[in-house]
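First up is the structure itself, then whatever we jot down about it.
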Amino acid sequence: MEVYSRRLMFLVFASALVSIGYAQESTPPVPAILTFGDSVVDVGNNDYLPTIFRANYPPYGRDFANQKPTGRFCNGKLATDITAETLGFTTYPPAYLSPEASGNNLLIGANFASAGSGYDDRAASLNHAITLSQQVEYFKEYQAKLAKVAGSSKSASIIKDALYVLSAGSGDFLLNYYVNPLVNYAYTPDQYGSFLIDAFIRFVQNVYGLGARKIGVTSLPALGCIPLARTLIGYHEKGCVSRFNTDAQQFNEKLNAAASNLQKQHPDLKIVVFDIYEALLDVVNTPSNYGFLDATRGCCGTGTVETTVFMCNPYTLGTCPNASNYVFWDSVHPSQAANQVLADALITQGIELIGGPGL
């Protein structure tokens with residue numbers, strides 16, 4: 001019942017946006033979207049980096065426009081792509097390192113996210129990804145470029161009214177903490193979570209100082225339900241790896257508390273934590289309610305360990321014919337169909353960020 005009530009809530013909000021002129025060809029409720037974080041929201045920045053964390057080759061992007069890979073770690077659209085469409089954007093904010101991030105394209109925002117990045121700059125550097133600190137520096141560059149295109153007054157208005165989205169933390173645990181003995185011997189999961197929260201607070205303070213006023217940050221998903229975690233780290237424990245889910249829940253409690261404190265410190269700041277933990281967990285536990293056939297492995301290859309060029313590539317055997325049957329596209333990232341479910345959660349939970357004054 002909860003599944004259908006949440007979907008109904010999304011449809012009500014979407015209908016409300018349409019009725020007041022959004023989600024069509026008129027002006028969206030926010031002038032721009034600025035995205036920071038990791039592979040869940042990277043739209044191609046890593047195509048321009050010397051890193052193994054790339055998705056600019058088939059079968060990635062096979063269900064995207066023109067069936068071409070773009071650097072998105074998905075068979076099609078990301079949750080942020082779907083959210084942008086719902087809000088009325090007809091094109092997506094470009095990857096900041098791409099040639100498209102220039103001229104009038106900058107008016108609708110930019111995407112600074114990088115696969116292999118996260119709150120832990122040290123881990124991101126090892127992955128040759130754009131650290132979160134560097135993403136903020138690129139945001140400063142973006143502001144200067146935007147001012148040249150739009151003028152100082154309009155540029156300031158765009159920066160103030162834009163929607164800021166941050167997705168980070170999953171890679172910090174899955175690609176660093178759980179597999180790096182130098183880290184997991186030095187910190188308990190709770191201590192490492194606190195270390196990451198400090199980085200989150202610095203990020204918010206930094207972008208707030210640069211003009212951000214509407215910030216949405218995703219919680220950690222149910223880490224123990226991700227195929228890679230089940231296979232490589234969970235030692236084939238039946239079902240989701242419970243201790244990883246517990247770590248995610250503890251982190252999310254800290255994240256909510258930190259966001260609440262930041263909002264108290266800055267009364268003109270709107271900050272929302274998008275709870276994707278419950279959204280994804282519900283899909284994994286009851287996939288048939290959402291039209292999925294498989295929630296334990298990804299579509300690409302065997303779907304247990306495949307991600308990036310290692311075993312999810314044009315030569316992968318066994319990649320499923322219909323990714324919409326799968327919650328996961330590869331062993332880490334959701335399919336476009338699952339991203340639709342997550343996008344519904346982003347819109348319904350973030351309505352106060354995209355509303356007008358007083359909302």
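The values are calculated or read from the model by the stated rules, or taken from the named source; none is laboratory data. Values in this document were obtained by computation on a predicted structure and should not be read as measured data. Here Cβ is always computed from backbone atoms with ideal geometry, including for glycine, and neighbour counts include all displayed protein chains.
Taken together, VAL273, VAL241, VAL207 contain a single residue that is at pLDDT below 95 and either among the aliphatic types (A, V, I, L, M) or surrounded by 14 or more Cβ atoms within 10 Å (Cβ to Cβ) (or both), which is VAL241. Kindly check whether there is at least one residue in region 179-192 that is out of contact with any Cys (no Cβ under 6 Å at 6 or more places or on another chain), β-branched (Val, Ile, Thr), part of a helix (DSSP H, G or I) and modelled with pLDDT of 95 or more. Yes, region 179-192 has at least one match. Scoring PHE89 on the criteria (1) under 17 Å from VAL332 (Cα atoms); (2) at pLDDT 95 or above; (3) surrounded by fewer than 23 Cβ atoms within 10 Å (Cβ to Cβ) leaves a single failure, condition (1). Of the set (1) assigned to a helix (DSSP H, G or I); (2) modelled with pLDDT under 95; (3) out of contact with any helix residue (DSSP H, G or I) (no Cβ under 9 Å at 6 or more places or on another chain), all apply to LEU228 but (3). Considering every residue within region 282-298, establish whether at least one is in contact (Cβ under 8 Å) with a residue 40 or more places away in the chain, in a loop (DSSP other than H, G, I, E, B) and in contact with a strand residue (DSSP E or B) (Cβ under 6 Å, 6 or more places away or on another chain). Yes, there is a match, as at least one residue in region 282-298 is in contact (Cβ under 8 Å) with a residue 40 or more places away in the chain, in a loop (DSSP other than H, G, I, E, B) and in contact with a strand residue (DSSP E or B) (Cβ under 6 Å, 6 or more places away or on another chain). What is the residue count in region 41-71 for residues that are part of a helix (DSSP H, G or I) and surrounded by fewer than 16 Cβ atoms within 10 Å (Cβ to Cβ)? Total satisfying the criteria: 3. For region 256-266, the condition of being under 16 Å from the mean Cα position of the chain (by Cα), surrounded by 14 or more Cβ atoms within 10 Å (Cβ to Cβ) and either among the hydrophobic types (A, V, I, L, M, F, W, C) or outside any strand (DSSP E or B) (or both) holds for none of the residues. Figure legend. Inter-residue proximity from region 247-263: first residues more than 12 Å from LEU223 (Cα to Cα) and at pLDDT 95 or above, second residues among the aliphatic types (A, V, I, L, M) and assigned to a helix (DSSP H, G or I), beta-carbon distance below 7 Å, spacing 6+ or different chains. Indicated pairs: LYS254/ILE197; LEU255/ILE197; ALA258/ILE197; ALA258/ILE201; LEU262/ILE201; LEU262/VAL204.
Filtering region 91-110 to residues that are within 21 Å of LYS77 (Cβ to Cβ) and either assigned to a loop (DSSP other than H, G, I, E, B) or aromatic (Phe, Trp, Tyr) (or both) leaves THR91, TYR92, PRO93, PRO94, TYR96, LEU97, SER98, GLU100, ALA101. Among the residues of region 128-175, those identified as of a type in the set (Val, Ile, Thr) and over 17 Å from the mean Cα position of the chain (by Cα) are VAL149, ILE158, ILE159.
Search region 141-154 for residues that are closer than 16 Å to VAL207 by Cα and pair each with any residue that is modelled with pLDDT of 95 or more and not in a helix (DSSP H, G or I) when their beta-carbon atoms are under 7 Å apart and the residues are at least 6 apart or on different chains. The qualifying pairs are TYR142/TYR96; TYR142/ALA110; GLN143/LEU210.
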